[in-house]
1. Before we move on, is Gly240 at negative phi and within 16 Å of the ligand (Cβ to nearest atom)?
2. Quick one: would you say Ala72 is aliphatic (A, V, I, L, M), in contact with a strand residue (DSSP E or B) (Cβ under 8 Å, 6 or more places away or on another chain) and over 17 Å from Gln206 (Cα atoms)?
3. Among the residues of the range 144-163, which ones are more than 15 Å from the ligand (Cβ to nearest atom) and open to solvent by 30 Å² or more (accessible area, probe 1.4 Å)?
4. Out of the residues in the range 56-79 that are farther than 15 Å from Ala219 by Cα and of a type outside the set (D, E, K, R), which is nearest to the ligand (Cβ to nearest atom)?
5. Check whether at least one residue in the range 312-326 is closer than 30 Å to Asp42 by Cβ and either under 20 Å from the mean Cα position of the chain (by Cα) or buried (at least 16 other Cβ atoms within 10 Å of the Cβ) (or both), and report yes or no.
6. If we keep just the residues of the range 123-143 that are surrounded by fewer than 22 Cβ atoms within 10 Å (Cβ to Cβ) and closer than 30 Å to Ala268 by Cβ, which is nearest to the chain's Cα centre (by Cα)?
7. Identify the residue in the range 173-232 that is closer than 25 Å to Leu263 by Cα and among the charged types (D, E, K, R) and, among all such residues, is least open to solvent (accessible area, probe 1.4 Å).
8. Which members of the range 249-300 meet the condition of being of a type in the set (D, E, K, R), assigned to a loop (DSSP other than H, G, I, E, B) and either open to solvent by 70 Å² or more (accessible area, probe 1.4 Å) or at positive phi (or both)?
Amino acid sequence: MPGYEHVTASGHPVLSDFRSDTVTRATPAMREAMASAEVGDDVYGEDPTVNALQDRVAELTGMEAALWMTTATEANFVAIMAHCGRGDEYITGDVYHVYVDEAGGASALGGVVPFPLPTDQRGSLHIDQVLAAIKEDDVHHPITRLLSLENTVHGEVQPVDHLTGVAAAAQNAGLAVHLDGARLFNAGVAAGVPIAGFLDQVDSVQLCMSKGLGAPQGAVLAGSHEMIRTAHRLRKMVGGGVRQVGHLAAAAMHALDNHIERLVDDHAHAQLLAAGLKDAGFDPSQATNMVFVPVNDTLQQPLLDHLARQGMAVGDFQPDLRLVCHLDVDGSDVDLLVRAFASFEG
Ligand SMILES: *Cc1c(COP(=O)(O)O)cnc(C)c1O
C-alpha cells in the first residue's frame, strides 16, 4: 500500500506479507464507511451502527441475539464463561485457538478447566472421543459443561455433516456447544453453504471481523437472548464495554457487505501458490486461504532469510512455513513468492 512501509525481522522491506490474514489494512471504501458512521455511546446501548451490526449477525447466524466484542479472543473467553462456572470443564481440540493461543484465559481468569482432545489431520474431533471425555457425575470430577469447536481449523473446513454430528452428540449428552468461527466465512464460501448451515446444533458462535474479512478489529458473538445477556455483563467485567464503537462496527458492516464472496479469490490464490510451490519442488498442503510448507529443520532459517531478502514475509509455524492469502495480496504477490521459493538454493 502506498505511503506505508514495514520491514521483516531481519530489516528487509516487506513487499508481500503472507504471515496472516490479520495484516490487512482497511480499504479506502472501508475507511470512508468508518469516518462517516453514525455513532453513540454503546455502553448506554445508543450506538446505532453497532446495534445494526449485531442485528445483522444475529440474522446471518440464525441466532436470537448478538454482541460486539473487542477481539475474537474476548468473544471466546466470554462465551466459555457464559456457559461454564468455576471448576466446570470444557472439552476442546488440542490445536484449537481457544486452548493454545488465548493465554489460558478461561482457566486463569475464569477457573474453567480445559480438556483438550487430540485432533486428526483435518483438525477434527470425533463423536466417540467427545462422548468418552464427558465426566460421570462423581464428586471427584469437574462437571463437563461445554464443547468448544472451531471452523476452519488451520484453514481446514469442518464439513456441515461432521460438525453437526459432533455438536448434536454433545448437546444430547447435556453439553452446550460453542463454535469459534474466526474463519467460518472461509468455510462457508469453500463449502458453498451460508454460515447458518453450520450452526444448527450450536449454542453460540463467534465471528472474527479482522481475519479474512479485513476489518481492523473486532468480533461478534451470537447466541440465545439469555446467553447474550450473560455475555454482556461478562464483557463489561473484562473491560470490553466500548463507547463510540460504531466506527469499528461500520468497518465490520462494510466487510460483511463487500468482503465475503471475495474470499473465493483468497482460496484461488492459495491454490495457485500451492501449485507453484509444488512445481518448484516443495511439498505444500493447501486448505481454503492457507498453505503450509514443510521444511526440514536445518533449512528453515536459511529459507526464511532468503525469502526476507526478497521482501517476502511468511509465517514460521515450526516445522512448517505458513502462507496465508488475503485482501492485501494478489496474483502478482503470489508470483513473487513462488519465484522467491524457486530461487532458494538450500
Ligand atoms: C485469530 C483467531 C482468534 C482470535 O482472534 P483475535 O481477534 O486476534 O483475538 C480466535 N480463534 C481463531 C480460530 C483464530 O484464528
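1. Working: at negative phi: yes; within 16 Å of the ligand (Cβ to nearest atom): yes.
Answer is yes for this residue.
2. Values: aliphatic (A, V, I, L, M): yes; in contact with a strand residue (DSSP E or B) (Cβ under 8 Å, 6 or more places away or on another chain): yes; over 17 Å from Gln206 (Cα atoms): no.
Here the answer is no, as Ala72 does not meet what is asked.
3. To start, the set of residues in the range 144-163 that are more than 15 Å from the ligand (Cβ to nearest atom) comprises 144-147, 159-162.
Matches in the range 144-163: Arg145, Pro159, Val160, Asp161, His162.
4. If we filter the range 56-79 for residues that are farther than 15 Å from Ala219 by Cα, which is where we start, we get 59, 62-64.
Applying the additional criterion that residues be of a type outside the set (D, E, K, R) yields 62-63.
Working: Gly62: 21, Met63: 18 Å.
Checking each candidate, the answer is Met63.
5. From the range 312-326, those closer than 30 Å to Asp42 by Cβ are 326; that's our starting set.
Still in the running and either under 20 Å from the mean Cα position of the chain (by Cα) or buried (at least 16 other Cβ atoms within 10 Å of the Cβ) (or both): 326.
Yes; the residues of the range 312-326 include at least one that is closer than 30 Å to Asp42 by Cβ and either under 20 Å from the mean Cα position of the chain (by Cα) or buried (at least 16 other Cβ atoms within 10 Å of the Cβ) (or both).
6. Only one residue tops the list, namely Gly123.
7. Once the filter is applied, the top-ranked residue is Asp180.
8. Keep residues of the range 249-300 that are of a type in the set (D, E, K, R), which gives 257, 261-262, 265-266, 278-279, 283, 297.
Checking the rest, the ones that are also assigned to a loop (DSSP other than H, G, I, E, B) come to 261-262, 283.
Those that are of a type in the set (D, E, K, R), assigned to a loop (DSSP other than H, G, I, E, B) and either open to solvent by 70 Å² or more (accessible area, probe 1.4 Å) or at positive phi (or both): Glu261, Asp283.
The values are calculated or read from the model by the stated rules, or taken from the named source; none is laboratory data. Nothing here was measured: the structure is a model prediction, and the numbers come from that model. Heads up, the Cβs are rebuilt from the backbone with ideal geometry, glycines too, and the neighbour counts pull from every protein chain shown. Heavy atoms of the whole protein, side chains included, go into the accessibility calculation; ligands, DNA and RNA do not. Shrake-Rupley method; radii C 1.70, N 1.55, O 1.52, S 1.80 Å.
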